[in-house]
Amino acid sequence: MSNSVDTGPDRDQKVATPQSLRSLLIGGMALFDERVAEVNADQFGRDTTCDGWTIEDLVQHTADTADRAVAFLRGATWVAPESTGPALDRWRETSAALRAQLKVSDLDGRWPLADDSPHAKLRFHGCDFAIHRWDLAQSLGIDEELPAGWLEYMNGFFRSLPDEAIRRPRAFAPELAPAPSDGPTARLMAFLGRRPLTS
């Protein structure tokens, strides 16, 4: 690990461009928070871009992602909960726990984070939050464009990885050809095997 230790930010905030692992995680949660707050109680049964998942399933998965990150930072083995309540409640609980953990965890301060970092796997968690914002937007009929700084980071990150690192069950499907009308976010999602629900 680098001698540089990332110590900020220490609170939830929007992040225009990830500049550290901490800002990637905190900013990703903020992006997801903003969109999930728009889901009405009667919309959690809607389909999503994730095959076989409803919004409820997607939010539960995103809560698991936050919970996995907390366990990793504590040096613990993540165990799936035996029972869960409403997805939104669980997301609020696990994302709050991750924010609290990030305040006390010493993270590798290099950026972009190197593949040899002990915290390298958390890059996927931070990106996952942002990607699932787009998934939610599709279910809500919103034309989502993620912030340019996030697109720049995620394009650089995902496109630098070998297929075997991302094309696997519960991760990303094979790359799709983008549509001529696709904007920057939809093009990234096509690379990650996702298409808008309307297509």
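A few remarks follow.
- Test result for residue 146, surrounded by 15 or more Cβ atoms within 10 Å (Cβ to Cβ), modelled with pLDDT of 95 or more, of a type in the set (A, V, I, L, M) and part of a loop (DSSP other than H, G, I, E, B): yes
- Any hit, the range 38-48, residues being part of a helix (DSSP H, G or I), within 22 Å of residue 194 (Cα to Cα) and either at pLDDT 95 or above or not charged (D, E, K, R) (or both): yes
Residues checked against (1) out of contact with any helix residue (DSSP H, G or I) (no Cβ under 8 Å at 6 or more places or on another chain); (2) farther than 15 Å from residue 32 by Cα:
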residue: 121; (1), (2): no, yes
residue: 126; (1), (2): no, no
residue: 131; (1), (2): no, no
residue: 137; (1), (2): no, no
residue: 145; (1), (2): no, no
residue: 153; (1), (2): no, yes
residue: 157; (1), (2): no, yes
residue: 160; (1), (2): yes, yes
residue: 164; (1), (2): yes, yes
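- Residues of the range 150-172 that turn out to be out of contact with any Lys or Arg (no Cβ under 8 Å at 6 or more places or on another chain) and assigned to a helix (DSSP H, G or I), as a count: 13
- Of all residues in the range 39-51 being over 19 Å from the mean Cα position of the chain (by Cα) and surrounded by fewer than 17 Cβ atoms within 10 Å (Cβ to Cβ), the one that is nearest to residue 169 (Cα to Cα): 45
- Lone unmet requirement of (1) more than 21 Å from residue 22 (Cα to Cα); (2) over 15 Å from the mean Cα position of the chain (by Cα); (3) assigned to a helix (DSSP H, G or I) for residue 83: (3)
- Residues that are under 20 Å from the mean Cα position of the chain (by Cα) and assigned to a loop (DSSP other than H, G, I, E, B), drawn from the range 184-199: 192, 193, 194, 195, 196, 197
- Residues (within 18 Å of the chain's Cα centre (by Cα), in a helix (DSSP H, G or I), over 17 Å from residue 19 (Cβ atoms) and among the charged types (D, E, K, R)) located in the range 93-134: 93, 99, 128, 133
- Of the residues examined, residue 138 is one that is among the polar types (S, T, N, Q) and either in contact with a Ser or Thr (Cβ under 6 Å, 6 or more places away or on another chain) or free of Cβ contacts under 8 Å to residues at least 12 places away in the same chain (or both).
The values are calculated or read from the model by the stated rules, or taken from the named source; none is laboratory data. Small disclaimer: the values here were computed from a predicted structure and weren't measured. Methodologically, a virtual Cβ is constructed for each residue, glycine included, from the backbone with ideal geometry; neighbour enumeration extends over all protein chains shown.
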